[in-house]
Every structure is written in structure tokens, then in C-alpha cells.
Amino acid sequence: MAYIQVPEGVPGIRSLVLFRPETGKPLYELAQVLLRGPSPLTEAERELIAAYVSGRNDCLFCRNSHAAAARCLYGEDKNLVDEVLKDMNHSPVSDKMKALLNIAGKVQVLGKEVTPEDIAAARLSGAGDREIHDTVLIAATFCMFNRYVDGLASFTPMDASAYEEMGKRMTEKGYVLPQPQNNK
């Protein structure tokens with residue numbers, strides 16, 4: 001049960017933005033730009049970064065919902081999402097993606113954990129400034145989102161099928177504000 005009075009049964013951040021739409025709107029706009037806007041990283045890769053950081057933060061709602069979106073976006077390669085979440089270093093993602101996920105993991109701990117060597121490794125594997133920038137900003141943003149969701153104990157579904165539906169919605173519609181439910 002959430003620590004504040006939010007719409008019952010509405011999961012995760014969606015309930016929190018319904019509680020306070022004036023703060024939810026810029027958060028959703030930021031998610032839309034980061035995860036669906038122009039980037040040299042694919043939408044699937046960006047969702048994977050969000051899921052990876054959320055998993056490291058033990059934020060089940062964000063990990064599960066963004067992993068579901070990443071699976072939808074990866075299509076036939078959807079199993080690689082679970083392989084990354086299980087053991088990123090031994091997963092079949094590219095060396096560039098491993099280097100970027102390494103950076104994201106360090107940002108999750110503390111931004112100052114990222115070293116010049118981490119950046120050099122990402123560059124050596126083919127990552128450019130924009131990919132490095134977007135990775136760091138996605139990681140930092142999801143640390144905030146994770147703490148927002150968990151800090152207010154928002155509803156976290158335990159049924160995997162709920163996340164499949166969320167993943168489909170996020171893939172098809174992007175990050176649009178939820179609409180208040182009419183109680184008729």
C-alpha cells in the first residue's frame with residue numbers, strides 16, 4: 001500500500017503522476033525524450049539501460065515494466081533482456097552495449113564512479129559522445145524514478161502478465177500521461 005493516497009490499483013509511477021500531474025508531466029516528457037526521442041541508441045537499447053539500472057536499484061516495478069518494453073522492442077531477440085539482467089558481462093550484447101551498461105551501473109552507484117578508463121573503453125568499442133551522454137542521463141534519471149516509485153511505496157504488480165501489457169503500451173504509445181479514472 002502506498003504511503004500517500006493515490007488511485008488504488010494503479011501501478012508504479014502512473015499512480016504518482018495521477019496524484020500530482022503538474023510534476024508528472026515533465027517527468028513523462030523527459031522519459032519520452034530519453035527513451036523514444038532521437039538517439040544513436042535504439043529504443044530497445046535505451047529501455048534495456050532503464051531496466052538494468054532499475055534492477056540494480058532493486059526497483060521491481062521499473063525493472064519489470066522497462067524490461068517488458070525492451071523485450072517488445074527487441075522482438076525475436078527478446079531473451080537477451082533477461083540474459084543482461086541476469087549477468088550483463090556474460091550476456092550476448094555487443095561490447096559497446098556492455099561498456100555503456102558498465103557506465104550506467106557506475107552512475108547507479110555514484111556518478112563519480114565513472115572513470116576516464118570507462119569512457120575510453122566505451123569509445124574503443126564504438127560509442128560516441130551522444131551514446132555516452134544518453135546512457136549517463138538515462139541511468140541518472142532512472143535512479144530518480146526508482147527512488148520516487150519506491151520512496152512512496154507505489155503499487156508493484158506481482159503478475160508477469162501485467163508487465164507484458166505495460167511493455168506493449170509503452171512500446172506502442174510511448175510515455176503519455178495517464179488519464180484520471182472516472183468513478184461512475
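The values are calculated or read from the model by the stated rules, or taken from the named source; none is laboratory data. Model, not experiment: these values are computed from the prediction. In this analysis, Cβ positions are derived from the backbone assuming ideal geometry, glycine residues included, and neighbour counts consider all displayed protein chains.
Would you call Val136 touching a helix residue (DSSP H, G or I) at 6+ places or on another chain (Cβ under 9 Å), crowded, with 20+ Cβ neighbours inside 10 Å, part of a helix (DSSP H, G or I) and not small (Gly, Ala, Ser)? Against the criterion (touching a helix residue (DSSP H, G or I) at 6+ places or on another chain (Cβ under 9 Å), crowded, with 20+ Cβ neighbours inside 10 Å, part of a helix (DSSP H, G or I) and not small (Gly, Ala, Ser)), Val136 does not qualify. State whether one or more residues within the stretch 79-90 are under 30 Å from Phe19 (Cα atoms), under 17 Å from the mean Cα position of the chain (by Cα) and crowded, with 24+ Cβ neighbours inside 10 Å. Within the stretch 79-90, not a single residue is under 30 Å from Phe19 (Cα atoms), under 17 Å from the mean Cα position of the chain (by Cα) and crowded, with 24+ Cβ neighbours inside 10 Å. When the stretch 75-92 is limited to residues that are touching a Leu at 6+ places or on another chain (Cβ under 7 Å) and touching a residue at least 24 places away in the same chain (Cβ under 8 Å), the one that is nearest to Ala122 (Cα to Cα) turns out to be Met88.
Test Tyr175 against the criterion of being part of a loop (DSSP other than H, G, I, E, B) and aromatic (Phe, Trp, Tyr), and give yes or no. For Tyr175, the condition - part of a loop (DSSP other than H, G, I, E, B) and aromatic (Phe, Trp, Tyr) - is met.
Evaluate the following for Tyr3: is it aromatic (Phe, Trp, Tyr), at pLDDT 95 or above, within 21 Å of Met144 (Cα to Cα) and surrounded by fewer than 19 Cβ atoms within 10 Å (Cβ to Cβ)? Taking the combined requirement at face value, the residue satisfies it. Entry remark, the stretch 113-132: residues being more than 18 Å from the chain's Cα centre (by Cα), of a type outside the set (D, E, K, R), assigned to a helix (DSSP H, G or I) and buried (at least 17 other Cβ atoms within 10 Å of the Cβ) number 2 in total.
Where helices (runs of 4 or more DSSP H) sit wholly within the stretch 1-112, those with at least 2 residues that are among the basic types (Lys, Arg) occupy 21-36, 43-56, 60-74, 95-109.
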